[in-house]
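Contents: one structure, followed by commentary.
Each reported figure results from applying straightforward, stated rules to the coordinates on display, with no laboratory input. Remember, it's a predicted structure, so these values are computed and weren't measured experimentally. Positions of Cβ are generated from backbone atoms using ideal geometry, with glycine treated the same way; all protein chains shown enter the neighbour counts.
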Amino acid sequence: MNELYRKPASELAQMLRNGEVSSVELTKLFLDRSEKLNPLTNSYLVINRESALEQAANADQMIAAGNTPSALTGVPIAVKDNLTTTDAITTAGSKILENYLPQYDSTVVSKLRAAGMPILGKTNLDEFAMGSSTEFSAFGPSKNPWDLERIPGGSGGGSSSAVSGFLAPIAVGSDTGGSIRFPAAVTGSVGAKPTYGAVSRYGLIALASSLDQVGPVTNDVNDAALLQDIIAGHDPMDSTSLPESLGQMAEFAKNNDVKGLRVGVIKQLASDGFHPGVKARFDESIQLLTDAGAQIVEVDCPSFEYAVSAYYLILPAEASSNLARFDSVRFGKRVLPEGNPTIERVMAATREAGFGPEVKRRIILGTYALSSGYYDAYYGSAQKVRTLIQQDFEKAFAAADVLISPTAPTTAFKFGEKLDDPLAMYLNDIATIPANLAGIPGISVPNGLAENDLPSGLQILAPAMKDGLMYSAAAGIEKLHTDKWGKRMIDFAPELGVN
Amino acid sequence: MAKAELMDFDKAIEKFEVVIGLEVHVELNTKTKMFCGCANVFGNEPNTNVCPVCLGLPGALPVVNGKAVESSIAIGLALNCSIAKDGRFARKNYFYPDLSKNFQTSQYDEPIAYEGELDVPVASGKVFTVGIERAHMEEDAGKLTHVGGAGRIQGAEYSLVDFNRAGVPLVEIVTKPIFGAEAEAPELASAYVRQIREIVRAMDVSDARMERGNVRCDANVSLRPRGQEKLGTRTETKNVNSLRSVENAVRYEIQRQAAILESGGTITQETRHWHEDKKYTSAGRPKSDADDYRYFPEPDLVPVQPTDDEIEKIRALLPENPASRRARLQSDWGMSDNEFRDIVNSDLLDEVDATVSLGASPQASKKWWTGEIARIANVEGKEFTELAVTPSDVAELEKMIESGKLNDRLAREALAGVIAGEGSVSEVMNSRGLEVVSDDGALTAAVDKALAEQPDVLEKIKAGKEQAAGAIIGAVMKEMRGQADAARVRELILERAKA
């Protein structure tokens, strides 16, 4: 039988309701593991023992009173450190926010608190979520529990390594171009990016406002659906949050029959550039789907060729503006330059010392792309590509219910391998970026071991607002895999700290 | 800085054609700020009306104030503008310590209102049709107080920021270039601002108090030699905070620029500051057309999309246009141009109108407001709006006069009591004992006494010299302490003398 800490959140929640375990016991278990193992994985920037245990005691009272406000009441959770919390410093992985304690809880965190989910701590990320490996975190990279010499994906590598290393049963991440899905793929976990606007961004430290979306990082599809149900919903504090409910994802996830499902394979994301092992696992999954009665169709998305380029204009443009507020005037780090400390020089010295190299690279890129005389050529053209990609998706979804591709071209790479080659790093996100540009939902589910016996991921995309369909298809594919492998992919994850 | 060399105004107009352009910022009087729920009030303790949104804290997001949008549409309609059916906000990016996010949320290429016009009459009777380029919504910045260094940012020891004003809703109204005003350009500029102020006050969308900065004007002035087609280089004189200053500043810039051009110099394109105390402008920062604010559509907000229905509802609620209202009132009241201009120029139209509609005659209403009340305001060095007297007080005063309960002298005393805060007209009359004595018994006794004391006068009256009665009236009025109806006293004297 599995250890308690390796169980899915849904099972833990059931045990809590049955009185087999208390939230305080469970939270202690994960806090103890985290404190012991975090030196290996660097998943957490902050472990919040006191506050988590307090919340766990509250959850136990709710459960004892028979009043469980959510399906996961009492289950502790890890939160990416770009979501504001009033009881834990929130750094977004940046020196400029070192020791910054927010004055308000992000909407997602408020919802987790209302749901009775104790927050174990804040997980590591590339600085301001800019990166695919956590190597751009100002506080050191997180490690992949499958191989501690390899990256856990990024930017949400803290959450993915916490979940796959069982330092947390479930976690929250944010996805701007793949920051939930890529880390999930390389750690054998499940990561979902809901439809843009399904989850409030209020209190999410913005990277690129039109692309950012908060979502679940979990051990299985059902857990992801349950967590999306908890964090989703209209928020009057976020003008871009959807006014309507998308339904109960957990109900959709129960419908896991892929028979008759029209599954589109994106031509542009099924050929060049994918490692042979990754490609082989993908082809095997297509076969599994076919055998199970799904209808496979090939779809053509010619504009995807320009997706990465468009993304790396839109994202830096928005980020350059979003990050302007980090100026030392009202909060955060303040650096006094030598000589006369005029406001311009203090702002410049603070930003020089407070931002890391990738953040500076993107601020400069974005500032340039928005400059008068270049706006039309760069930002303007990128927005046109964005429209074309949306049109590609519209056509594709006329032919298919959901679309699939490998989540990423490779399995986890070694630290330093792509650090000096931004373009190679950016191409990791080639399959995940289009969903952000179009605002549609996407999920990565484990797709078997590929190169170096490491996990690879399968991405499922659905039309905007059809998150339910995405969860149904994901649950269907997960079931085919579990039936084939005899257990879930996460169950293959190594035991940390044994040797 | 010393005053620049100036050319005689008439000579400047003879040599050059004046082109002006006006940007008027109107602060809306909504209960809350443009993008958050903080109170929009003037004069509170610094940094008390602030929240994560208007402080630009990490993760905070804006939400548009629907009432501010309605007010902006109303202003647009009052200026005969078209209203945008799909208007986006834009970010105007620049670093300044009073700007919490280091970008101002504004509108750029999609203003809420565009292409309008406004008829502006000047003293000569000429009416100029001023073209309105656009009216757009934006947020105000915070307020900086520089300590040391003569209150300027350069050389200040330190500066304090008050963010109470940050996020206060503004509508910026921009005219098209105004040609052909010639010598009337300075007057037209102030008449235009006056009219904007009247319009927004009539609609109750702004408190419209220039001394508080509710209405602020930036005046663009350029000159070109007669016959030249190309526009001259312009200067923009900022934040001219009274109607008189608008006129003076435009006049000054015309004379200053003319002197420079005449001596073969060139105008520097720059912002200038108006110094009302010493009546001159000084150079601010250079402003080139290449100022790069890196505008781009605000991704945190959805477009403003008013329906035809909503627009028509707002239109139906618009008060009468002040210009046509003036024409109507002047004709209703049967006043000459001079009489009517007296009221308008004293800014008393609303008060007189209200007094008339409460039953007083137009002439009497005018007399009280532009006479005694204006005199008291002048003596006390206050705006008449600051005096504790209302149209209903004046109407009551007139009623008392018409019914013979007050005479002119007593009415002045009653008014003084009202302004001193002693209550309504009738309350002041009671407490000060101000009613005209209409008891014939008491008056007859006083008349008899006076006649007995001046037998020579009595003889003259008996002899038919009725004008001699004046001396007796004086004595009676003195006896009655002025509280007698002089006409009735005269009647009684003649009656008794002939008896």
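Each Lys and Arg Cβ is given +1 and each Asp and Glu Cβ -1; about its Cα centre, the protein assembly as shown then shows a dipole of about 960 debye.
Using Cα-Cα distances under 8 Å and only pairs 6 or more residues apart, what relative contact order does region A:295-380 have, in percent?
Values: 67 pairs, mean separation 30.5, N = 86.
35 percent.
Listed values for region B:103-115 are Karplus-derived 3J(HN,Hα) couplings in whole Hz (6.51 cos²θ - 1.76 cosθ + 1.60, θ = phi - 60°), namely 8, 9, 7, 9, 10, 10, 8, 10, x, 5, 9, 8, 6, and x replaces Gly and Pro. For the peptides B:466-476, B:362-372, A:339-349, residues were scored by their other Cβ atoms within 10 Å and the scores averaged per peptide; the highest-first order is B:362-372, B:466-476, A:339-349. Let a ≥ b ≥ c be the square roots of the eigenvalues of the Cα gyration tensor of region B:320-432; is it rounded (a/c under 1.5), or, if not, prolate (a/b larger than b/c) or oblate? Prolate. Dividing the helix sum by the residues of chain A, where each DSSP H run of 4 or more adds -39500 (n - 2.57), gives a mean residue ellipticity at 222 nm of -12000 deg cm²/dmol.
This model, with +1 at the C-beta of Lys and Arg and -1 at the C-beta of Asp and Glu, gives region A:1-102 a dipole about its Cα centre of some 240 debye. What would the Debye formula give as log10 I(q)/I(0) at q = 0.06 Å⁻¹ for the alpha-carbon point model of chain B, no solvent? Log10 of I(q)/I(0), two decimals: -0.41. In this structure the amide hydrogen of B:Asp207, modeled in the peptide plane, comes within under 5 Å of the amide hydrogens of B:Asn29, none closer than 5 places in sequence on its chain. Let me make sure I get this right: for region A:346-499, a, b and c are the square roots of the gyration tensor eigenvalues over alpha carbons, sorted descending. Under 1.5 in a/c it's rounded, otherwise prolate if a/b > b/c, else oblate. Which is it? Oblate. Sorted largest first, the principal axis extents computed over the alpha-carbon atoms of region B:440-498 equal 29, 19, 17 Å.
Remark: mean inter-chain Cβ contacts per residue of B:60-68 equal 4, using a 10 Å Cβ-Cβ cutoff to other protein chain atoms. What whole-number distance in Å separates the alpha-carbon centres of region B:1-65 and region A:180-250? So the two Cα centres are separated by 39 Å.
Over all alpha-carbon pairs in region A:88-225, figure out the percentage whose distance exceeds 27 Å. Provide the component values of the computation, followed by the final result.
Numbers: 968 of 9453 pairs.
Above the 27 Å cut-off, region A:88-225 has 10 percent of its Cα pairs.
For chain A, averaging the sequence separation of C-alpha pairs within contact (under 8 Å, six or more residues apart) and dividing by the residue count gives a relative contact order of 18 percent. Quick query: amide H of A:Ile296 versus all other amide H atoms, modeled in the peptide plane; which residues come in under 5 Å with a sequence gap of 5 or more or a different chain? The list, which skips near neighbours in sequence, is A:Val263.
The mean number of partner chain beta-carbon atoms within 10 angstrom of a residue's beta-carbon across peptide A:367-377 is 3. Principal axis extents of the Cα atoms in chain A, from largest to smallest and rounded to whole angstrom, are 70, 54, 48. Residue ranges B:391-403, B:323-335 sort as B:391-403, B:323-335 when ordered by packing (mean number of other C-beta atoms within 10 Å per residue, highest first). Loop-located trypsin sites (Lys or Arg not before Pro) across region A:233-316 with a Cβ neighbour count of 13 or fewer within 10 Å are A:Lys259, with loop assigned by DSSP. Per-residue mean of foreign Cβ neighbours for A:326-332 is 6 (Cβ atoms of other chains, 10 Å radius).
Taken about its Cα centre, chain B carries a charge dipole of roughly 800 debye when the Cβ of each Lys and Arg holds +1 and the Cβ of each Asp and Glu holds -1.
Note down the relative contact order for region A:386-471 as a percent, whole number, built from C-alpha pairs under 8 angstrom at least six residues apart.
Values: 123 pairs, mean separation 32.0, N = 86.
Averaging sequence separation for qualifying contacts and normalising by length gives 37 percent for region A:386-471.
For region A:74-85, backbone phi angles converted through the Karplus equation (6.51, -1.76, 1.60; θ = phi - 60°) give residue-by-residue couplings of x, 7, x, 9, 9, 10, 4, 7, 10, 10, 5, 9 Hz, Gly and Pro being listed as x. Here the spin labels are modelled as points 7 Å beyond Cα on the Cα-Cβ line, and at B:Arg481 and A:Ala65 they lie 7.4 nm apart. Highest-first packing order for the peptide set B:215-228, A:303-316 is A:303-316, B:215-228, based on the mean count of other beta carbon atoms within 10 Å. Sorting the Cα pairs of the protein assembly as shown by distance into bins of 20 Å, from 0 upward, gives 12, 33, 26, 18, 8, 3, 1 percent per bin.
Shown for A:Phe136, B:Phe340, B:Phe384, B:Phe42: other C-beta atoms within 10 Å of each C-beta, ranked fewest to most, produce the order B:Phe42, B:Phe384, B:Phe340, A:Phe136. In this structure the amide hydrogen of A:Tyr100, modeled in the peptide plane, comes within under 5 Å of the amide hydrogens of A:Thr90, none closer than 5 places in sequence on its chain. Taking a straight Cα-Cα cut-off under 18 Å and skipping sequence neighbours fewer than 8 places away in the same chain, the lysines within cross-link reach of A:Lys384 are A:Lys395.
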